[in-house]
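Visitor: For reference, the structure I am asking about is given below.
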Amino acid sequence: MNKKLYLSMMAFALALAACSGKKEAVRTTGIKISNLDTTALPGTDFYQYACGGWMKANPLSPEYARFGTFDQLAENNRQQLKELIEGLAAQKSEPGTIAQKIGDIYNMAMDAGKLNAEGAAPIRAELEKIAALKNTENMSGMVAEMRRKGFDPYFAVYVGPDDKNSKMNIAMTMQSGLSLGEREYYLEEDEHMKEIRDKFKIHIVKMFQLAGALEAEAQKAAADVMEIETRLAKAAYDNVKLRNPQLNYHKMTLVDVKKEFPGIDWETYFDTMGLKGLQELNVGQPESLKEVADIWKTVPLDIQKSYLQWKVLDAAAPYLSDDFVNQNFDFYGKTLSGTPELKARWKRAVGTVNGVLGEAVGQLYVEKYFPAAAKERMVALVHNLQTALGERIKNLDWMSEETKTKALEKLSTIYIKVGYPDKWRDYSGLEIQNDSYWNNIVRSNEFDFDYMIADAGKPVDRDRWYMTPQTVNAYYSPTTNEICFPAGILQYPFFDMNADDAFNYGAIGVVIGHEMTHGFDDQGRQYDKEGNLSDWWTAEDAKIFVDRAQVMVNHFDSIEVLPGLHGNGRLTLGENIADHGGLQVAYTAFQEATAGQPLDRVDGFTPEQRFFLAYANVWAGNIRDEQIRLLTKSDPHSLGRWRVNGALPHITAWYEAFNIQENDPLYLAPEKRVAIW
């Protein structure tokens, strides 16, 4: 939920060639020739040229709506984790140990017989408790308790660094409560959105029936849920507005919160959450919270009870019997995402263990699969990229010396995390009991919530990690001014100890540059070196930045991702700027790293060409139309194809490497190219 993390979602898995004669060449360059489609022209469709072979060799399997090199590497990691987890699940372990907890939660997830025999029984008490609610005055404590248990009613509360006092943690509210995630699914009137809403209502009806409701009761419940969630959607900020940190910061005292949002018993709400004595908080989206307060006061109780019961069903479904799991997947997987087939039970079980005991699993993973030498080389690469970005900042012709000085100060203070945390999380307080799978999920949710909420009003711990070491991803956090590269992403062929600099700078080097650039994208640039939301730019420099960023917005707005559906350049602006900066910075660092010993042409490709091929292969993948629609509405990242074909036409070095000419379809005139970092 942490809105301050910018996820790269960058990884890929290229296999070594089968014959011994090719092994050495591939291990040297990191480039697999079979990934290419040389019938395509680089200046016409570079994505197809660089990734077409991979795409043909890796068609979508029924369990994926999108499958790319990132997913392939994640599958490899999942198999490694399975071996670790199943080894613990097969043995008898001392109660209370990490081994017992990992083994027991995995075995419960795999026990289809017990789960199917239980049916809706694990959630029956929760549903009955809601049904017994007598008045809205008693809702505050119940809704807070539901939030602690992992349900998502009305709005969210979490704790994190204060945007304007970044060394201290603060409690915050954030709009939430929408089962479909995005407000557009409730409000837009095109045929696709209407169809999604109709199928969503059918899904709600079926879920209530699985829990024992009669047809008429289930139909009424579906109408009730749609009434509440549509009102929440109308009051919610859209994804573009959510990206503006200034518009989402409203620090208030609890006294003022009570005045501004009457109808909610805030004392009871926060006391139940474990925030007794809370004095101030950041109300992220006041308009949404006003609507919640109005709903509590004006909407009949029976309608709100339907909504609360639905939140129980919606959250618990993946952890109940197969009929719940399958119905949940039928809507969210097949209808919303276009995924034909549910993932195997063991994969879902590994995912649960990762979610419940992530750092404990990560510690086992690192011990077995992550060499210390990889961390050392990665740290060196990060510093090289840091130097290259500093040089690019110094050489900017559009930025004043005053702003440059502060930008360089911010860059120099970026906190770097690589591989795994120095201090591991303590799970001794989490009980995994042999009662029901769902009960253990609830205990885990409460454990995690209490862990987070305990930080309210305390200093920020900069050594805490927001990703597990086994995660195939990376992030930048503006409030702590940190970049993090977990061990899961630091492996071949994303990062290869044996590959040359053309490959490593084009792959992991761009990722490093991408994360660093997030500190200077349209959001990150609003935070100073301490992580505070503070304007350190001159007015003229800020105006120039906005004007130059608008070129990027316009470019991605113009891309038609499906017939009649265009990209959202404003929503994806931060990630697109980070891709652009990552490419520029990594290429500069690559040139400097090889200046004394230039690399040779290999397999017909220059080092410069291999740099861009390595980058493009990060985004090799196949995707279904339904997923394209879903991600275009919700994801701040552009689709993989456009992180290549949309990004590279703005990079001068790419034109030079592949001799792109004015008559090539991907060609952009120099004055139309983005020029920021």
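Visitor: For the condition crowded, with 24+ Cβ neighbours inside 10 Å and under 14 Å from Ala578 (Cβ atoms), what is the one hit in Gly488, Gly509, Gly531? Steps first, answer last, please.
Guide: Numbers: Gly488 fails: under 14 Å from Ala578 (Cβ atoms); Gly531 fails: under 14 Å from Ala578 (Cβ atoms).
Result: Gly509 is the single residue among Gly488, Gly509, Gly531 that is crowded, with 24+ Cβ neighbours inside 10 Å and under 14 Å from Ala578 (Cβ atoms).
Visitor: Another question, then. Somewhere in region 458-466, is a residue under 18 Å from the mean Cα position of the chain (by Cα) and among the β-branched types (Val, Ile, Thr)?
Guide: Taking every residue of region 458-466 in turn, none turns out to be under 18 Å from the mean Cα position of the chain (by Cα) and among the β-branched types (Val, Ile, Thr).
Visitor: A further question follows. Would a scan of region 287-295 turn up a residue that is touching a Lys or Arg at 6+ places or on another chain (Cβ under 8 Å), part of a helix (DSSP H, G or I) and assigned by TED's automatic domain parsing to the domain that holds Glu260? Full working, then the answer.
Guide: Applying the first criterion (touching a Lys or Arg at 6+ places or on another chain (Cβ under 8 Å)) to region 287-295 yields 291, 295.
Those left that are additionally part of a helix (DSSP H, G or I): 291, 295.
With the extra rule that they be assigned by TED's automatic domain parsing to the domain that holds Glu260, the set shrinks to 291, 295.
Yes - at least one qualifying residue is present in region 287-295.
Visitor: Just to confirm my filter: which helices (runs of 4 or more DSSP H) fall fully inside region 174-269 and include at least 2 residues that are closer than 24 Å to Leu281 by Cα and in contact (Cβ under 8 Å) with a residue 60 or more places away in the chain? Show your work before the answer.
Guide: Numbers: elements: 184-187, 191-210, 215-235, 239-242, 254-260.
Answer list for region 174-269: 215-235, 239-242.
Visitor: Please enumerate the residues belonging to region 413-430 that are in contact (Cβ under 8 Å) with a residue 40 or more places away in the chain and either more than 23 Å from Ala372 (Cα to Cα) or charged (D, E, K, R) (or both).
Guide: At the first step, the residues of region 413-430 found to be in contact (Cβ under 8 Å) with a residue 40 or more places away in the chain are 413-425, 427-428, 430.
Thr413, Lys417, Asp422, Lys423, Arg425, Tyr427, Ser428, Leu430, listed by residue number.
Visitor: Return the residue satisfying two criteria in turn: it lies in region 438-448 and is under 26 Å from the mean Cα position of the chain (by Cα) and in contact (Cβ under 8 Å) with a residue 24 or more places away in the chain, and of such residues it is farthest from Asp322 (Cα to Cα). First the steps, then the outcome.
Guide: Kept after step one, since they are under 26 Å from the mean Cα position of the chain (by Cα), are these residues of region 438-448: 438, 440-448.
So of that shortlist, the ones also in contact (Cβ under 8 Å) with a residue 24 or more places away in the chain come out as 438, 440-442, 444-446.
On the way: Trp438: 13, Asn440: 18, Ile441: 17, Val442: 19, Ser444: 22, Asn445: 22, Glu446: 25 Å.
Result: Glu446.
Visitor: Return the residues of region 296-317 that are farther than 14 Å from Asp152 by Cα and either surrounded by fewer than 19 Cβ atoms within 10 Å (Cβ to Cβ) or small (Gly, Ala, Ser) (or both); say none if nothing qualifies.
Guide: Within region 296-317, Lys297, Thr298, Val299, Pro300, Leu301, Asp302, Ile303 meet the criteria.
Results for (1) at pLDDT 95 or above; (2) under 28 Å from Val382 (Cα atoms); (3) in contact with a Cys (Cβ under 8 Å, 6 or more places away or on another chain), shown as yes or no for each residue.
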residue	(1), (2), (3)
Phe545	yes, yes, no
Val551	yes, no, no
Glu560	yes, no, no
His566	yes, no, no
Asp579	yes, yes, no
Pro598	no, yes, no
Phe612	yes, yes, no
Thr632	yes, no, no
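Visitor: Hey, another quick one. Where in region 357-444 are the helices (runs of 4 or more DSSP H), entirely inside, with at least 2 residues that are more than 27 Å from Asn107 (Cα to Cα) and not aromatic (Phe, Trp, Tyr)?
Guide: Output list reads 372-394, 401-412.
Visitor: Could you check, for region 382-389, whether at least one of its residues is in contact with a Lys or Arg (Cβ under 6 Å, 6 or more places away or on another chain), assigned by TED's automatic domain parsing to the domain that holds Ile489, within 27 Å of Glu530 (Cα to Cα) and not aromatic (Phe, Trp, Tyr)?
Guide: So in region 382-389, the residues in contact with a Lys or Arg (Cβ under 6 Å, 6 or more places away or on another chain) come out as none.
Within region 382-389, none of the residues are in contact with a Lys or Arg (Cβ under 6 Å, 6 or more places away or on another chain), assigned by TED's automatic domain parsing to the domain that holds Ile489, within 27 Å of Glu530 (Cα to Cα) and not aromatic (Phe, Trp, Tyr).
Visitor: Next up: For residues in region 642-677 being among the small types (Gly, Ala, Ser) and within 20 Å of Asp547 (Cβ to Cβ), which is farthest from the chain's Cα centre (by Cα)? Before the answer, list the steps.
Guide: Within region 642-677, the first condition is being among the small types (Gly, Ala, Ser), and the residues that meet it are 646-647, 653, 657, 669, 675.
From what is left, the residues that are within 20 Å of Asp547 (Cβ to Cβ) are 646-647, 669, 675.
On the way: Gly646: 21, Ala647: 20, Ala669: 34, Ala675: 27 Å.
Taking the candidates together, the pick is Ala669.
Visitor: Can you name the condition, by its number, that Glu126 falls short on among (1) in contact (Cβ under 8 Å) with a residue 24 or more places away in the chain; (2) more than 27 Å from Lys311 (Cβ to Cβ); (3) acidic (Asp, Glu)?
Guide: Every listed condition holds for Glu126 apart from (2).
Visitor: Search region 651-677 for residues that are in contact (Cβ under 8 Å) with a residue 12 or more places away in the chain and pair each with any residue that is among the aliphatic types (A, V, I, L, M) when their beta-carbon atoms are under 6 Å apart and the residues are at least 6 apart or on different chains.
Guide: Ile651/Leu583; Trp654/Leu648; Tyr667/Ile660; Val674/Val551; Val674/Met552
Visitor: On the basis of being in contact with a helix residue (DSSP H, G or I) (Cβ under 8 Å, 6 or more places away or on another chain), aromatic (Phe, Trp, Tyr) and not in a loop (DSSP other than H, G, I, E, B), does Tyr667 make the cut?
Guide: Numbers: in contact with a helix residue (DSSP H, G or I) (Cβ under 8 Å, 6 or more places away or on another chain): yes; aromatic (Phe, Trp, Tyr): yes; not in a loop (DSSP other than H, G, I, E, B): no.
The answer is no for Tyr667.
Visitor: Something else now. Give Arg610, Arg601 a once-over and let me know the one that is among the charged types (D, E, K, R) and crowded, with 21+ Cβ neighbours inside 10 Å.
Guide: Working: Arg601 fails: crowded, with 21+ Cβ neighbours inside 10 Å.
Only one candidate passes the filter, namely Arg610.
Visitor: Answer yes or no as to whether Lys417 is more than 30 Å from Ser321 (Cα to Cα), at pLDDT 95 or above and either in contact with a helix residue (DSSP H, G or I) (Cβ under 6 Å, 6 or more places away or on another chain) or surrounded by fewer than 17 Cβ atoms within 10 Å (Cβ to Cβ) (or both). Steps first, please.
Guide: Details: more than 30 Å from Ser321 (Cα to Cα): yes; at pLDDT 95 or above: yes; either in contact with a helix residue (DSSP H, G or I) (Cβ under 6 Å, 6 or more places away or on another chain) or surrounded by fewer than 17 Cβ atoms within 10 Å (Cβ to Cβ) (or both): no.
For Lys417, the condition - more than 30 Å from Ser321 (Cα to Cα), at pLDDT 95 or above and either in contact with a helix residue (DSSP H, G or I) (Cβ under 6 Å, 6 or more places away or on another chain) or surrounded by fewer than 17 Cβ atoms within 10 Å (Cβ to Cβ) (or both) - is not met.
Visitor: From the list Ile512, Ile559, which one is assigned by TED's automatic domain parsing to the domain that holds Leu396, in contact with a strand residue (DSSP E or B) (Cβ under 9 Å, 6 or more places away or on another chain) and more than 28 Å from Glu671 (Cβ to Cβ)?
Guide: Working: Ile559 fails: more than 28 Å from Glu671 (Cβ to Cβ).
Result: Ile512 is the single residue among Ile512, Ile559 that is assigned by TED's automatic domain parsing to the domain that holds Leu396, in contact with a strand residue (DSSP E or B) (Cβ under 9 Å, 6 or more places away or on another chain) and more than 28 Å from Glu671 (Cβ to Cβ).
Visitor: Looking at this structure, is Asp265 acidic (Asp, Glu) and surrounded by 21 or more Cβ atoms within 10 Å (Cβ to Cβ)? Steps first, answer last, please.
Guide: Working: acidic (Asp, Glu): yes; surrounded by 21 or more Cβ atoms within 10 Å (Cβ to Cβ): no.
When the stated conditions are applied, Asp265 does not pass them.
Quick grid of which residues meet (1) over 20 Å from the mean Cα position of the chain (by Cα); (2) in contact (Cβ under 8 Å) with a residue 24 or more places away in the chain; (3) over 21 Å from Thr413 (Cβ atoms):
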residue: Asn473; (1), (2), (3): no, yes, yes
residue: Asn481; (1), (2), (3): no, yes, no
residue: Asp500; (1), (2), (3): yes, yes, yes
residue: Phe503; (1), (2), (3): yes, yes, yes
residue: Val510; (1), (2), (3): no, yes, yes
residue: Gly513; (1), (2), (3): no, yes, no
residue: His518; (1), (2), (3): no, yes, no
residue: Phe556; (1), (2), (3): yes, yes, yes
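Visitor: I'd like to know if region 24-31 contains one or more residues that are buried (at least 18 other Cβ atoms within 10 Å of the Cβ), modelled with pLDDT of 95 or more and of a type outside the set (D, E, K, R).
Guide: no
Visitor: Residues Ala487, Ala456, Ala474: which one is closer than 25 Å to Lys164 by Cβ and either touching a strand residue (DSSP E or B) at 6+ places or on another chain (Cβ under 6 Å) or acidic (Asp, Glu) (or both)?
Guide: On the way: Ala487 fails: closer than 25 Å to Lys164 by Cβ; Ala474 fails: closer than 25 Å to Lys164 by Cβ.
Unique residue meeting the criteria: Ala456.
The values are calculated or read from the model by the stated rules, or taken from the named source; none is laboratory data. Please read these numbers as outputs of a predicted model, since none were measured by experiment. Note: ideal-geometry Cβ built from the backbone for every residue, glycine included; neighbour counts use all protein chains shown.
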